[in-house]
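For reference, the structure is listed below as structure tokens.
The values are calculated or read from the model by the stated rules, or taken from the named source; none is laboratory data. Computed from a predicted structure; not experimentally measured. As a convention, Cβ positions derive from the backbone with ideal geometry for all residues, glycine included, and neighbour counts pool all protein chains shown. The protein model used for the area step is the full one, side chains on, heavy atoms only, and it has no ligands, DNA or RNA in it. Shrake-Rupley method; radii C 1.70, N 1.55, O 1.52, S 1.80 Å.
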Amino acid sequence: MSECIKIKNGLNIQLAGEANKFLSDLPFPEIFAIRPNDFPGINPKLLVQAGDEVLAGSVLFFDKNNESIKFSSPVSGEVIEVIRAEKRKLLEIKILADKKIRYLDLGKSNPDELSRDGIIEALLNSGLWPLIRQRPFGIIANPTDIPKSIFISAFDTNPLAPDIDFIMQGENQETFQTGLNAIIKLTNGNTHLNINGSKEATSIFRNSKGVIINKFSGPHPAGNVGVQIHHIDPVNKGEVVWYVNPQDVLIIGKLFSEGRYDASRIIALTGSQVSSPKYYKTLIGSSVKSIIVDGILKAGENRIISGNVLSGSQIQEDGFLGYYDTQITVIPEGHESEFMGWLAPGLEKFSMSRTFFSWLNSKKKYSLNTNLHGEERPFVVTGQYEKVFPMDIYPVQLLKSILIEDIEMMEQLGIYEVVEEDFALCEFVCTSKINSQEIIKRGIEIIQKELN
């Protein structure tokens, strides 16, 4: 095990509503949905229509840009609705689930006995390949590439993030190791399993074999896989690094050990507007209605987020869990305004710059709403971004190079190393109210078009 890598620049946002370490039973959701918008860069081709019967593992659509990349149903049941937008853009495939899931037999196999091509073929045919993503760009990995390394971040430092050690402590070590054995074969380089150096990791991570276990400590975004890649094996132009979530390693392990697509996922319901935040076991694409039942939310106008408050996606009460998300957060909407609020002591307000007296209580947890406290203003250099951005990159200069669409400068300033979530804290602390994540997304799209 390597020495602990200490992240100094960053910020922990202490929010009220952390999930209690309790796994609650959940009524089986009636409806599930898979949304192509969860997969940036793909051009979906639908293979099913309303009324079709599917099994868990049946292919729903594939990517026209790379027809080998398929997307499978997490449950068995009937396709009840295909939702499209303008120009017939595919938005959502809804499935009315069976009470008991029926699985497509995908065939058991031992990854130790398979070649790299054999493992890739099994992942592609089962529809599990989208679980593997890549840097640069944060998109689904290209199966024809050979990554220089693979990363698994075994902890999350986002506000109210689920405790991955708690989630994984009851899982099967052998299944997780089977998933690792398959993933390890996908690269000629190292596979890195990164754990929280501030506490003892669960045994399922400590006993993992065939991987390099690295320790990270420090404030958020120490748990972001992009930060970990930057400090261990940075991505340069022409290079590719792949990454996988720990729960998805289990799904891959079950594919090989059980021969089926088991889309089970433990998620955390969090936020100051949740009366009893806790963990639930569900499946990918689950209906939020099955989780946010009557009485579980506090009164008032709420914002429901699939993911965390910094980089998650707003959804409605009849929405669905994002494909890669392991958290649902509910916070108050903020519509109120205040006159010269900066003159008040601000004991209930959060500030990283000690503007308010609340900084005297470092352990205080805040119930923050969605109020931006102002509009977008001139984009000036304040030094705020650098305080929370732990990469050897000039964040403001990179954003400005994207705004003027200077491709060469974008490449020199590190566009290949970042995705939207890496700039989430910059956006949070920005006094200019600049939508940094949207700018990074635009920069990635510009570079992708240039490379294509």
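Quick notes
- Calculated [222 nm] ellipticity per residue, helices only, for the chain: -6000 deg cm²/dmol; basis is -39500 (n - 2.57) per DSSP H run with n ≥ 4, divided by all residues, nearest 500.
- Rounded to the nearest 10 degrees, the angle from helix 436-451 to the longest Cα principal axis of the chain is 50 degrees.
- Both the radius of gyration and Dmax for the stretch 171-323 are 17.9, 54 Å, in that order, over alpha-carbon atoms.
- Loop trypsin sites (Lys or Arg not before Pro), the stretch 4-93, which have at most 15 other Cβ atoms in a 10 Å radius of their Cβ (DSSP): Lys8, Lys21, Lys64, Lys89
- Distribution of pairwise C-alpha distances over the stretch 366-452, 5 Å bins, in %: 3, 14, 26, 24, 18, 8, 5, 2, 0, 0
- Per residue Cα convex hull volume in Å³ - calculated over the stretch 201-265: 142
- Where Cys4, Cys426 fall by accessible area, highest first, once all protein chains stay in place (1.4 Å): Cys4, Cys426
- Calculated from the alpha-carbon coordinates, the chain shows an Rg and a Dmax of 21.7, 68 Å respectively.
- Whether the stretch 82-181 is rounded, prolate or oblate, judged on the alpha carbon gyration tensor where a/c under 1.5 counts as rounded: rounded
- Whether the stretch 143-256 is rounded, prolate or oblate, judged on the alpha carbon gyration tensor where a/c under 1.5 counts as rounded: oblate
- The residues Tyr385, Tyr103, Tyr394, sorted by heavy-atom accessible surface at 1.4 Å with ligands and nucleic acids left out, run Tyr394, Tyr103, Tyr385 from largest to smallest.
- Shape category assigned to the stretch 36-133 from the gyration tensor of Cα positions, a/c cut at 1.5: oblate
- Nonpolar atom fraction for the chain, defined as the carbon and sulfur part of the 1.4 Å probe accessible area, stands at 47 percent.
- FRET efficiency, 1/(1 + (r/R0)^6) with R0 41 Å, evaluated for Glu376 and Lys8 via beta carbons: 0.90
- Ligands, DNA and RNA excluded, the heavy atoms of Arg260 present near 70 Å² of accessible surface to a 1.4 Å solvent probe.
- Relative contact order, percent, the chain [alpha-carbon distance under 8 Å, six or more residues apart]: 19
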